[in-house]
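S.K.: Structure incoming, see below.
The values are calculated or read from the model by the stated rules, or taken from the named source; none is laboratory data. Since this is a predicted model, take the numbers as computed values, not measurements. All Cβ positions, even for glycine, are placed from backbone atoms using ideal geometry, and neighbour counts span all protein chains on display. Just the protein is used for accessible areas: all its heavy atoms, side chains included, with ligands, DNA and RNA removed. Shrake-Rupley method; radii C 1.70, N 1.55, O 1.52, S 1.80 Å.
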Amino acid sequence: MIVLGIDPGLANTGYGVVARRDGRLVALDGGVIETASELARELRLAEIHEDVERLIAEHEPDAVALEELYFGQNVRTAFAVGHARGVVMLAAGQRGLPCSGYTPQQVKGAVCGNGRAAKDQVARMVQTLLCLEHEPRPDHAADALAVAICHANCAPLTRALAEASA
C-alpha cells in the first residue's frame, strides 16, 4: 500500500508519500509545494494541482489522505485551505483514487497517541516511525507524512469495519 498524504494550504501544501513494506512503513518522498503570493489565486491552485498530478504519476499511490480543515483559523485562511484541498481531491478523482480526510487531532492521535501533541512531537514521531535520519522539515512536510501514516494505519481497520457492517 502506498499513500500520498497532503497537508493542504494555498502558500504551502505539504506532501508525504509512505509505503508499507515487509510489515513496516517507509517514506518514499516528502516536501512542500510552494506558490508565490503575488500570483492570482487560480494560478496558485493550478500549480498545486499540476504538482499533485506529478506526484500521483510518479508514485502511483493507492490512496490520498488529506488533513481536514481546522476551523480555528480565520475564515480567509479556511477558504484558501479549502480551495487547495479541492484541487488535490480533483487530481485524485481524475485518477480514480480514493480520498480520506483526517482531523489534526486524529492524525496526532494516530502518530503520537495524543490528539493534542505539539508540532515538534509529531515531527519526532514521524522520524521514529519511518526510521528517518533527521526530523522531516519543514513542518508542512512532517504533517503530510503524519497524515499518510495515519491513513496507512487506520485504513485497514476502517475497511474491515465497513465490511463487517455490510
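S.K.: Output the qualifying pairs, or none if there are none: Cβ atoms under 9 angstrom, residues six or more apart or on different chains, first residue in region 33-52 and more than 12 Å from T13 (Cβ to Cβ), second residue at pLDDT below 95.
M.R.: Listed by first residue and then by second, the contacts come to R41/A80.
S.K.: Do we have R76 as over 20 Å from N153 (Cβ atoms), open to solvent by 20 Å² or more (accessible area, probe 1.4 Å), within 15 Å of the chain's Cα centre (by Cα) and at pLDDT below 95 here?
M.R.: So R76 fails the test.
S.K.: Restricting to region 113-127, name every residue that is hydrophobic (A, V, I, L, M, F, W, C) and either touching a residue at least 12 places away in the same chain (Cβ under 8 Å) or surrounded by 13 or more Cβ atoms within 10 Å (Cβ to Cβ) (or both).
M.R.: Within region 113-127, the first condition is being hydrophobic (A, V, I, L, M, F, W, C), and the residues that meet it are 117-118, 122-123, 125-126.
Within region 113-127, A117, V122, A123, M125, V126 meet the criteria.
S.K.: Exactly one condition in (1) open to solvent by 40 Å² or more (accessible area, probe 1.4 Å); (2) closer than 30 Å to E133 by Cα; (3) touching a residue at least 24 places away in the same chain (Cβ under 8 Å) is false for L90; which is it?
M.R.: (2)
S.K.: Please find, within region 99-112, the residue that is nearest to D51 (Cα to Cα) out of those that are open to solvent by less than 70 Å² (accessible area, probe 1.4 Å) and without any contact (Cβ under 8 Å) to a residue 40 or more places away in the chain.
M.R.: Going residue by residue through region 99-112, those that are open to solvent by less than 70 Å² (accessible area, probe 1.4 Å) are 99-104, 107-112.
Then drop every residue that is not without any contact (Cβ under 8 Å) to a residue 40 or more places away in the chain, which leaves 99, 101, 103-104, 108-109, 111-112.
Numbers: C99: 17, G101: 20, T103: 23, P104: 23, K108: 26, G109: 29, V111: 26, C112: 29 Å.
Once the filter is applied, the top-ranked residue is C99.
S.K.: Output the residues belonging to region 12-30 that are buried (at least 16 other Cβ atoms within 10 Å of the Cβ) and either over 15 Å from I149 (Cα atoms) or among the β-branched types (V, I, T) (or both).
M.R.: N12, T13, V17, V18
S.K.: Working carefully through the options A36, A46, find the one that is open to solvent by 20 Å² or more (accessible area, probe 1.4 Å), of a type in the set (A, V, I, L, M, F, W, C) and part of a helix (DSSP H, G or I).
M.R.: Going through A36, A46 in turn, just one is open to solvent by 20 Å² or more (accessible area, probe 1.4 Å), of a type in the set (A, V, I, L, M, F, W, C) and part of a helix (DSSP H, G or I): A46.
S.K.: Further question on the same structure: Just checking, how many residues over region 49-72 are open to solvent by less than 70 Å² (accessible area, probe 1.4 Å) and in contact with a helix residue (DSSP H, G or I) (Cβ under 7 Å, 6 or more places away or on another chain)?
M.R.: So the count comes out to 9.
S.K.: For the structure I just gave you, tell me whether R85 is in contact (Cβ under 8 Å) with a residue 60 or more places away in the chain and open to solvent by 30 Å² or more (accessible area, probe 1.4 Å).
M.R.: Yes, satisfied.
S.K.: Can you name every residue in region 128-153 that is in contact (Cβ under 8 Å) with a residue 12 or more places away in the chain and open to solvent by 40 Å² or more (accessible area, probe 1.4 Å)? If you could, list the steps in order and put the result at the bottom.
M.R.: Here is the first cut: in region 128-153, the ones in contact (Cβ under 8 Å) with a residue 12 or more places away in the chain are 129-132, 135-153.
Correct list: L129, C131, L132, E135, R137, P138, D139, H140, N153.
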